[in-house]
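Notes for the one structure printed next.
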Amino acid sequence: MMLGIQRRLNDMGELVAAAAASHAPGIAGNPQGAGEQGARFYAGMDMIREVFAASKPDVIIDICNEHFVNFYLDNMPAICVGVADEYVGPIEPEERVRIPRRRIPGHREPGTAIVAHALDSSFPVSFSEELKLDHGAIVPLHFITPELDIPIVPIIVNNIAPPMPSPRLLYQFGELLRDVIRARPDSVRIAVLGTGGLSHWVGTPSPTGGPIDEEFDQRFLSSLEGGQGHALADLTDSEIGLAGNGAHEVRNWICVLGACGDAPAEVVAYEAVNAWVTGCGAAVWHL
Amino acid sequence: MSTYQAGKLLFQMQHDVDLRMEFQSHPEDVLGRYDLSDEERRAIMAKDVAFFYVRGMNPLLLIATSWTMGVTMPEHRSALASIERRA
């Protein structure tokens, strides 16, 4: 997709790392409940942390989703980009996620650049200086950058209230993120992180009798590993919805796919964790 | 009837501690400011999660905000399970 961003001869911005991981509150809040499955999942998150540490990002674009924390149905943005110098999170009670609430540095300028280019390219984005961050933004970040000291640009996607932005739109938005990063005139090092999914049902009895659809999850992860991520942009609402109303969060992963192109991912963890009520995956791209 | 107004009340109580405290002390005053049906007013006062679920309130909204009615998470799950048993 041509996004109309003029590449410069002195392209200096760099996408230095990319990853995606589930963000179920229990991952941080209920480590005992998952037993050996949890240990294997945490080992995968350790691998992502090492990749991010080695890549030394100056900024992390944190693609997560709304949970009726910031927006109600009177004004639900499809994609909202944080453009603040600082955020606060996680906003949940500490006993739920066991991550102390704290101030997290933001980086205003990349956020505003993303919004400007996205609007130039007809993407339906809004922006906010007052995004509240919940487990969706914070849980994977907590494992990847435990000090939460690298400035972030949170991007909140509507994956909860139909009509939602399509996987195709999120893939294309990921392509735009990549182009915005590469077109930067400075030497800022940027990482992207997508959070959420995989299969799970939230606040509703599962019609299949269980919260997790391992077959859906494995198909999804196989596409990532096989460098066929672009095909996931063709997923439909109904195909994703069969894996749970929470499975729509895979849009956040698909956005990362757009940024990474067809580079194969390394799936560093997958566990169907009933205690966390979620098919929990984690993947990293070696860029 | 849409559950939009009831959901809006629950969403706003989630974020506004003053509204939540007013609801606890003078619930009828708060409910009177929203365009709610008699059934919705009854359901809120009765902490009837199942009513709103069956009426189509977004389940992610409902589970995020039912605590503002005084519903605990086990009570929420139990209410959903009772719907499943009746189905």
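Here are the numbers for this structure:
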read-out: Charge sum, other residues only, whose C-beta stays under 9 Å from B:Met69's C-beta, Lys/Arg counted +1 and Asp/Glu -1; value: 0
read-out: Among A:Leu224, A:Ser121, A:Ser187 - extreme Cα towards positive end, dipole of chain A, charges at beta-carbon; value: A:Ser187
read-out: Simple spin-label estimate for A:Tyr42 and A:Asp262 in nanometres, 7 Å along Cα-Cβ; value: 3.9
read-out: Fraction in percent of alpha-carbon pairs per bin - 10 Å, region A:1-139; value: 10, 32, 36, 17, 4, 0
read-out: On Cα atoms only, tilt of B:4-15 relative to the major axis of chain B in degrees; value: 70
read-out: Computed helical MRE - 222 nm, chain B, DSSP H runs ≥ 4 contributing -39500 (n - 2.57), nearest 500; value: -19500 deg cm²/dmol
read-out: Chain A, relative contact order in percent, only Cα pairs under 8 angstrom and at least six apart counted; value: 32
read-out: Test item: Cα-centred dipole of region B:1-56, Lys/Arg +1 and Asp/Glu -1 on Cβ, debye; value: 200
read-out: Exposed-site-free run, longest, chain A (rule: GluC sites (Glu not before Pro); DSSP loop; at most 10 other C-beta within 10 Å); value: A:148-287
read-out: Largest-first ellipsoid semi-axes for region A:182-287, taking √(5λ) over the Cα gyration tensor eigenvalues, angstrom; value: 27, 13, 13
read-out: Cα centre as origin, Lys/Arg/Asp/Glu Cβ charges: the protein assembly as shown dipole, Debye; value: 40
read-out: C-alpha long axis of helix A:35-55 to longest principal axis of chain A, angle in °; value: 10
read-out: Rg/Rh (Cα only; Kirkwood hydrodynamic radius) as it applies to region A:102-205; value: 0.96
read-out: Those trypsin sites (Lys or Arg not before Pro) in region A:162-211 that DSSP places in a loop and that have at most 13 other beta carbons within 10 Å; value: none
read-out: Sequence-distant lysines (8 or more away, or on other chains) whose Cα lies within less than 17 Å of B:Lys47; value: B:Lys8
read-out: Contour excess over end-to-end distance, with Cα ends at A:Asp120 and A:Asn75 and 0.36 nm allotted per residue; value: 14.0 nm
read-out: Volume per residue of the C-alpha convex hull in region A:135-191, rounded to whole Å³; value: 96
read-out: Selected from A:Asp134, A:Asp217, A:Asp74 as most flexible by GNM, with chain A as the system and alpha-carbon contacts under 10 Å; value: A:Asp74
read-out: Environment charge at A:Trp285 (Cβ cut-off 12 Å; Lys +1, Arg +1, Asp -1, Glu -1); value: -2
read-out: Estimated dipole of region B:39-87 in Debye, rounded to 20 [Cβ of Lys and Arg +1, of Asp and Glu -1, Cα centre]; value: 80
read-out: Taking all pairs of distinct alpha-carbon atoms in chain B, Kirkwood radius in angstrom; value: 13.0
read-out: Taking all pairs of distinct alpha-carbon atoms in chain A, Kirkwood radius in angstrom; value: 18.5
read-out: Between 0 and 90°, nearest 10: helix A:250-260 axis offset from chain A longest Cα axis; value: 40
read-out: Using a Förster distance of 45 Å, the FRET efficiency for B:Arg20-A:Glu109 (Cβ separation, nearest 0.05); value: 0.75
read-out: Distant-in-sequence amide H partners of A:Val268 (H built 1.01 Å from N, under 5 Å); value: A:Ala282, A:Ala283, A:Val284
read-out: Calculated SAXS-style log₁₀ I(q)/I(0) at q = 0.29 Å⁻¹ - region A:11-54, Debye, Cα scatterers; value: -1.08
read-out: Estimated 222 nm signal from helices in chain A, with DSSP H stretches of n ≥ 4 weighted -39500 (n - 2.57), rounded to 500; value: -10500 deg cm²/dmol
read-out: Shape category assigned to region A:47-110 from the gyration tensor of Cα positions, a/c cut at 1.5; value: oblate
read-out: Extension gain from A:Gln32 to A:Ser222, taking 0.36 nm per residue of separation minus the Cα-Cα distance; value: 65.6 nm
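Every read-out reported here was derived from the displayed coordinates using simple, explicitly stated rules and does not represent laboratory data. Just so it is clear, the structure is predicted and the values come from calculations on it, not from any experiment. Positions of Cβ are generated from backbone atoms using ideal geometry, with glycine treated the same way; all protein chains shown enter the neighbour counts.
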